[in-house]
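Here, each number is a calculation from the coordinates, and none is a lab measurement. What you see is a predicted model, and the numbers here were worked out from it, not measured in a lab. When we count neighbours, we look across all protein chains shown, and the Cβ atoms used for this are built from the backbone with ideal geometry, even at glycine.
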């Protein structure tokens, strides 16, 4: 079964209400599940420390060992801010990075499971208008500490999360991808060959399980609602009806839902993952289930199913 791409985004129609903590159960592909026993890891987002403004983010493995420690600007989802430390399941540090508005910035250090340095990357501040969101490879070492990329030049080999297979490799010139790169995506069961010119993506070819080939001009293409985010917000605003009982009893809150955009752009598997009340949850489900007006996403030139998570606030005002 092919994995899902997971995208988390937040729609807020009014001020959110702070909570003590939110607990989420997730799979490694980013999908939310209802039961802790079904989760690959658990995420807890809790109130800021005394005198602070950022929420605490703590992810941990089912065995209780830490997976991630960081901060978030919102309690409703992981919008990371500041320092972030990640860990392997064996307890050793896997990476140290910095975030701004949910995007990596500055220098990032990645490690092998044996604790040795793996690679160092530099991420420009992509939150600044006009700055492109790409990374520079500054250095890379094998598991014994021998340099493969030094001073931003060399031959790079990227590994899967378990460091068992090489998933991409090619030349690094001045920190950027250059020339022909090749690799494999185990999740999508494809091999690929891509061409770069000083970091600029020129094009690629993906080879499927049956040696079928597809050419593409962009590796990752996210699904989008026809008309864009503004049109989607308008759709929600024009179709959501505040339930009478909740209106009369001043019941308010933020409902969080997950759903899938299928390969044909239809919406499926809509679920409430953080509820407010029976009627509010039901109304959010009704409206989102009728929003099947999406352009599907693509990976390596092939249409894919994509999982989204959204939050929308039901708020009464004078």
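Some observations on this one:
- Taking packing as the residue-averaged number of other Cβ atoms within 10 angstrom, the listed peptides 258-264, 27-33 run from highest to lowest as 258-264, 27-33.
- Net length available on complete extension from residue 220 to residue 93 is 42.9 nm, with 0.36 nm assigned per residue and the Cα-Cα distance removed.
- Rounded to 0.05, the FRET efficiency of the residue 69 and residue 27 pair, given R0 = 25 Å and the Cβ-Cβ distance, is 0.75.
- Compared with the dominant Cα axis of the chain, that is its longest principal axis, helix 278-289 is turned about 50°.
- In this simple spin-label approximation, residue 278 and residue 40 carry label points 7 Å from Cα along the Cα→Cβ vector, and these lie 3.6 nm apart.
- Over the chain, dividing the summed -39,500 (n - 2.57) contributions of all DSSP H runs of at least 4 residues by the number of residues returns a 222 nm mean residue ellipticity of -2500 deg cm²/dmol.
- Using distinct alpha-carbon pairs, which all enter the 1/r mean, Kirkwood radius of the stretch 178-244 in Å: 15.1
- Inter-label distance, residue 147 to residue 47: 5.1 nm, where each label sits 7 Å from its Cα along the C-beta direction.
- According to the calculation over all Cα-Cα pairs in the stretch 77-154, the P(r) per 5 Å bin from zero is 4, 16, 21, 21, 19, 12, 6, 2, 0 %.
- Chain lengthening between residue 268 and residue 285 when straightened (0.36 nm per residue, less Cα-Cα): 5.0 nm
- With Cα atoms as the point set, the radius of gyration and Dmax of the stretch 200-318 evaluate to 18.3, 62 Å.
- The alpha carbon gyration tensor of the stretch 125-282 gives principal lengths a ≥ b ≥ c with a/c of 1.5 or higher and a/b greater than b/c, which makes the shape prolate.
- Segments 69-77, 289-297 sorted - mean Cβ within 10 Å per residue, highest first: 69-77, 289-297
- Rg/Rh for the stretch 214-253 (Cα atoms only, Rh after Kirkwood) is 1.33.
- Using a Förster distance of 30 Å, the FRET efficiency for residue 193-residue 109 (Cβ separation, nearest 0.05): 0.50
- Among the listed values (1) 21.4, 68; (2) 18.7, 62; (3) 21.3, 76, the one matching Rg and Dmax of the Cα atoms in Å as calculated from this structure is (1).
- Label-reachable residues, the stretch 150-174, where backbone N falls under 18 Å from a point 7 Å from residue 182's Cα toward its Cβ: 155-160, 165-172
- Angle between the chain longest axis and helix 229-239 axis [Cα atoms, degrees, rounded to 10]: 20
- Mean projected area of the convex hull spanned by the Cα atoms of the stretch 39-182, taken over all viewing directions: 10.3 nm².
- Packing, as the average of other Cβ atoms within 10 Å across residues, places the peptides 81-92, 234-245 in the order 81-92, 234-245, highest first.
- Each label point was placed 7 Å from the Cα along the Cα-to-Cβ direction; for residue 209 and residue 249 their separation is 5.0 nm.
- Alpha-carbon centroids, the stretch 84-138 and the stretch 24-38: separation in whole Å: 24
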